[in-house]
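One structure is given below, encoded as structure tokens.
The values are calculated or read from the model by the stated rules, or taken from the named source; none is laboratory data. Since this is a predicted model, take the numbers as computed values, not measurements. FYI the Cβ positions are ideal-geometry reconstructions off the backbone, even for glycines, and counts take in every protein chain you see.
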Amino acid sequence: MIDRSKEIFGNEIAAKDLRKAAASKAKYAKKFGDDADVNYPVRIVPNACLRDILGVSDIRLEEGAGEAFDLEKGIIVGNIRMGFGHYRISMAMASAANALGYKPYWMDLNGYPQTTCTKVISAQNDLYSMGSRLSQKSKLFNKLFWEPMNYEGFRKLSYNASDQKNAELMAPVFRNVPKEIPVIGTHVWPAQAANHAGMRYVVNAIPDNWPMALHLAEGAVHTIQTRQSYQGYRILNGMRGKDVLRPMPADALVYTGHYIDHELVANIEADCEMRLRRKAEGAPMRFLLTIGGAGAQKETFAAILQHLMPAIKEKRAAVYVNIGDYRNVWDYLCQAVPGLEALSTVRFDEWEKTRAFAEDAIEGPVEGVHVFCHKDIFEAVYCTNALMRSADVLVTKPSELAFYPIPKLFIQRIGGHEKWGAIHSAEMGDGTLECEDIPHTIQMLDLFLDEDTTLRAMCEAICVNKAVGLYDGAYNVVKLAMGLKK
């Protein structure tokens with residue numbers, strides 16, 4: 001196994017940072033064990049939620065009969081459940097692979113509880129989720145710790161060195177996976193682990209629009225969604241203060257465009273036309289509110305719903321609320337917004353009814369409030385994707401959803417790195433500026449409700465963006481990964 005923590009693209013790591021990286025790995029190995037010599041069996045089974053939609057099968061580490069690997073057309077989407085973002089990007093990759101005639105395999109490194117890999121990831125995920133929620137409750141914590149960590153802490157090359165050492169503990173999950181199947185990592189850890197495990201064709205799909213060393217996996221081909229971020233990654237901008245670093249090699253970084261599901265890209269023009277038609281006809285404007293995987297920002301969503309209540313009753317607005325797998329969020333919203341429950345239709349763990357509603361709503365009428373909650377993580381995440389086609393405005397923090405081809409209203413970010421998603425979207429014309437408090441969020445809601453200027457401009461921009469290939473990133477990543485075999 002190559003020690004990838006000593007230098008990054010020719011930039012040497014300081015001895016003190018190497019000692020810190022080694023200590024981090026040793027700490028996790030002591031706490032969770034080192035399973036480098038364990039021979040985990042591999043079994044492939046259809047994904048219960050995504051098989052029919054995206055042709056996805058799961059790679060599980062368990063005994064039993066299953067499908068055989070397709071060594072010709074198979075492609076692995078390596079991911080982790082940390083929030084919803086990396087799962088959503090993985091779904092876009094799987095969708096594009098399926099549309100291009102390949103066989104997508106889902107490999108969640110946070111889904112193997114018997115392994116050191118999952119134990120390490122879960123421990124870090126718990127800390128990140130706690131930090132996300134705390135940052136919304138404490139302005140002091142957010143200002144002094146959370147924003148600096150997400151903005152500058154993860155940016156440093158020294159942080160990447162520790163991640164590389166920790167990822168050595170994740171490599172064993174790939175032991176019995178055929179090394180010639182391409183891997184797309186939608187988080188850096190699957191890409192790093194695949195490299196450590198000797199997978200031959202690895203693509204590291206970088207999710208954010210703020211260049212951070214956190215996302216580097218030397219040995220993989222890195223892909224990026226925006227040209228601004230491409231420049232920052234190419235020169236490793238600011239990743240060691242003001243030092244001028246050796247740049248990434250040209251063949252290690254590729255601009256692809258946004259990572260978007262085939263189903264959404266293929267229907268952009270038709271869906272935008274329906275949005276403008278509904279607005280012209282005076283139909284209720286449909287707002288899609290989506291709670292992230294950390295379960296944060298419920299207070300902001302309560303304020304939005306409270307403001308929209310009169311418009312909902314007057315049939316000027318309709319609302320979809322996807323609370324993911326956070327059932328407690330609905331209890332909070334019902335207490336915080338008087339009268340909400342009476343106006344709402346709930347679909348909890350009724351996936352087929354959710355899919356049917358999403359399909360019917362594309363051309364059919366919608367009124368009132370529709371609330372969705374699914375314990376199954378795939379259903380919880382994909383619910384937003386399914387509802388997106390029939391929604392008029394997506395209300396979200398500027399995370400991975402900032403890149404999606406739907407008019408967007410951005411509420412306050414969680415973590416400084418996310419603000420660059422809103423900046424990019426506003427420049428591309430398909431989203432608002434980040435509304436950093438509730439009064440500005442309400443102002444933007446009213447702009448969407450009371451006139452057609454903002455909605456029309458965004459729909460027109462989305463169609464222009466599609467014509468120039470802005471939303472073709474997932475197709476391009478899949479083609480790149482499969483092309484490495486040649």
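When you go through T396, T384 one by one, which is the residue that is more than 29 Å from S57 (Cβ to Cβ) and either touching a strand residue (DSSP E or B) at 6+ places or on another chain (Cβ under 8 Å) or in the same structural domain as G111 (by TED's automatic domain parsing) (or both)?
Details: T384 fails: more than 29 Å from S57 (Cβ to Cβ).
Step by step, each of T396, T384 is checked, and only T396 is more than 29 Å from S57 (Cβ to Cβ) and either touching a strand residue (DSSP E or B) at 6+ places or on another chain (Cβ under 8 Å) or in the same structural domain as G111 (by TED's automatic domain parsing) (or both).
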Residue list for the stretch 1-54, filter: surrounded by 14 or more Cβ atoms within 10 Å (Cβ to Cβ) and polar (S, T, N, Q): S5, N11, S24, N47
Let me spell it out: the conditions are (1) buried (at least 19 other Cβ atoms within 10 Å of the Cβ); (2) within 30 Å of A391 (Cα to Cα), and Y255 meets all of them except one. Which number is the exception? (1)
Find all pairs meeting these conditions: Cβ atoms under 6 angstrom apart; at least six residues apart or on different chains; first residue within the stretch 444-460 and free of Cβ contacts under 8 Å to residues at least 60 places away in the same chain and within 17 Å of D271 (Cα to Cα); second residue surrounded by fewer than 19 Cβ atoms within 10 Å (Cβ to Cβ) and of a type outside the set (V, I, T). T454/L447
Over the stretch 63-115, the set of residues of a type in the set (A, V, I, L, M) and in a loop (DSSP other than H, G, I, E, B) is A65, A68, L71, I80, M82, L100, L109
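For the stretch 206-286, give me every one of the helices (runs of 4 or more DSSP H) that falls completely inside it and has 2 or more residues that are within 23 Å of N79 (Cβ to Cβ). Don't jump to the end; show me each part of the working.
Working: elements: 227-234, 262-265, 268-281.
The qualifying helices (runs of 4 or more DSSP H) are 227-234, 262-265.
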Filtered residues of the stretch 267-285 (kept if under 29 Å from the mean Cα position of the chain (by Cα), of a type in the set (A, V, I, L, M, F, W, C) and farther than 14 Å from Y404 by Cβ): A270, M274, L276, M285
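Which one of V203, V221 is crowded, with 24+ Cβ neighbours inside 10 Å and closer than 20 Å to Y475 by Cα?
On the way: V221 fails: crowded, with 24+ Cβ neighbours inside 10 Å.
Among V203, V221, only V203 is crowded, with 24+ Cβ neighbours inside 10 Å and closer than 20 Å to Y475 by Cα.
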Criterion: assigned to a helix (DSSP H, G or I), surrounded by 21 or more Cβ atoms within 10 Å (Cβ to Cβ) and acidic (D, E) - qualifying residue of E460, E418: E418
Looking at I291, is it of a type outside the set (G, A, S), over 28 Å from Y475 (Cα atoms), in the same structural domain as T454 (by TED's automatic domain parsing) and in contact with a strand residue (DSSP E or B) (Cβ under 7 Å, 6 or more places away or on another chain)? no
